[in-house]
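Asker: Pasting a structure here, questions to come.
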Amino acid sequence: MKSYKWIRRAAVTGIVVLLTSGCSALGTKEHSQSIDPPPTGADANASQTKAVTAPVVQNPTLITVYAKDANDLVAPIGMNIEKSVDVAKKALESMVEGSPVSAQMPAGFKALIPKGTTVKGINIVKDQKLAIIDFSKAFTDYNVQDERKILEAVTWTMTGFPSVEKVQLRVEGKELKEMPQGATPLDEPLTRAMGINLEKPQGVEYGQATPVTLYFLGQSSDNYKYYVPVTRMVKRTDNIAQAVVNELIAGPDQKKGLSAVMTPGAELKQVKKAEDLITVDFSDKVLGPDKKAPSDALKAVVLSLTENTGTATKVQITVNGEAKVSTDDNQNYSKPVSRPTSVNPVKM
């Protein structure tokens, strides 16, 4: 399967090869185009977030960018940036270490794009949904241990825009064929198929595995709680949705400093997919003593399922077949829930 080639090569070379369905050579004329920001909508913050001191952003728009947390994991942050036709460029500029907007990041988070980097331009090839990003020379000046994290942060930020599915990198106008410090190959455009915060449990072989991206909880030293996506290799399966929920129930790798989201003892009864809707039925063990479901758990289910299942954009959660589900923060899940448009928004 195409999405597993880079995983198998990683086991042999130690370098992750990033595979997509696109071509590395541009077969069409590049079109310079602004990127529409994601629409505003329900947020996905796990709890009350930390107030931070940062410059006042004029005419703000909320955008999700990715940065490194205190556990050395790449995580999304919903930050306010200046609304403009160049919103994608503004998003990347906020991810440069030392940028004014990066002051919004919660304690323990660090911007991953090297200090002094200039985003010289972003071109969009519309029919390929390809974003071609041109950085200044300073982009190549980073610690090798952050190489993959930088690629993950840039790729996942850019593919958060509806008009982008693939990313190609340039420095001073020249296409990068590999990353300069660790030589990670860039022979094809980057997509979310590369995964994020990759982990392979013991007993799972790369050649016989399916990647699923799960959302668990992280927490900073000042009690800021946030979702962290983790791409876990599981034994090969065609039922991605069921695998996702089962792995959420199994919980995170405790060595990574993440917390479980599901109620201890939670049981999955059934997962069904129909067009753009996934229905997940749990036993009543998913409920707490107050007969309500943990809000963190249901948000993680929605985030994880819509991340992995292609055309599915909504999730219906039921308990013993009943759709009358409420959470411990009094949210009503009786109707299908869409994926939030911003993850971990920082409240100013």
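The values are calculated or read from the model by the stated rules, or taken from the named source; none is laboratory data. Since this is a predicted model, take the numbers as computed values, not measurements. Don't worry about glycine lacking a Cβ; one is built from the backbone with ideal geometry, like all the others, and counts go over all protein chains shown. Surface areas here come from the heavy atoms of the whole protein model, side chains and all, with no ligands, DNA or RNA. Shrake-Rupley method; radii C 1.70, N 1.55, O 1.52, S 1.80 Å.
Asker: Would you please list the contacts, defined by Cβ atoms under 6 Å and residues six or more apart or on different chains, that run from a residue in the stretch 222-243 that is free of Cβ contacts under 8 Å to residues at least 40 places away in the same chain to a residue that is of a type outside the set (A, V, I, L, M) and open to solvent by 60 Å² or more (accessible area, probe 1.4 Å)?
Answerer: Arg236/Gln208
Asker: Where residues in the stretch 259-292 are among the small types (Gly, Ala, Ser) and out of contact with any Asp or Glu (no Cβ under 7 Å at 6 or more places or on another chain), which of them is least open to solvent (accessible area, probe 1.4 Å)?
Answerer: Narrowing the stretch 259-292 to residues among the small types (Gly, Ala, Ser): 259-260, 265-266, 274, 283, 288.
Those left that are additionally out of contact with any Asp or Glu (no Cβ under 7 Å at 6 or more places or on another chain): 259-260, 265-266, 274.
Details: Ser259: 62, Ala260: 57, Gly265: 51, Ala266: 10, Ala274: 64 Å².
Filtering first and then ranking leaves Ala266.
Asker: If you don't mind, there's one more thing I want to ask. For the stretch 169-177, check the following and say yes or no: at least one residue is modelled with pLDDT under 95 and in a strand (DSSP E or B).
Answerer: Within the stretch 169-177, the subset modelled with pLDDT under 95 is none.
The answer is no; no qualifying residue exists.
Asker: Quick one: count up the residues across the stretch 120-162 that are more than 26 Å from Val228 (Cα to Cα) and either open to solvent by less than 10 Å² (accessible area, probe 1.4 Å) or part of a strand (DSSP E or B) (or both).
Answerer: Residues meeting the conditions: 9.
Asker: If I filter the stretch 239-256 for residues that are within 19 Å of the chain's Cα centre (by Cα), farther than 22 Å from Ala193 by Cα and open to solvent by 40 Å² or more (accessible area, probe 1.4 Å), do I get at least one hit?
Answerer: No, the stretch 239-256 has no match at all.
Asker: If you don't mind, another one. Evaluate the stretch 307-330: report whether one residue or more is crowded, with 17+ Cβ neighbours inside 10 Å and among the acidic types (Asp, Glu).
Answerer: yes
Asker: Count, please, the residues in the stretch 225-238 that happen to be surrounded by fewer than 16 Cβ atoms within 10 Å (Cβ to Cβ) and either in contact with a Pro (Cβ under 9 Å, 6 or more places away or on another chain) or not in a loop (DSSP other than H, G, I, E, B) (or both).
Answerer: The qualifying residues number 1.
Asker: Being modelled with pLDDT of 90 or more, in a loop (DSSP other than H, G, I, E, B) and within 23 Å of Ile196 (Cα to Cα), is that true of even one residue in the stretch 82-89?
Answerer: Looking through the stretch 82-89, none of the residues is modelled with pLDDT of 90 or more, in a loop (DSSP other than H, G, I, E, B) and within 23 Å of Ile196 (Cα to Cα).
Asker: Considering each of Val346, Val301 in turn, give the residue that is of a type outside the set (Lys, Arg), surrounded by 17 or more Cβ atoms within 10 Å (Cβ to Cβ) and at pLDDT 90 or above. It would help to see each step written out before you state the result.
Answerer: Values: Val346 fails: at pLDDT 90 or above.
Testing whether each residue is of a type outside the set (Lys, Arg), surrounded by 17 or more Cβ atoms within 10 Å (Cβ to Cβ) and at pLDDT 90 or above leaves just Val301.
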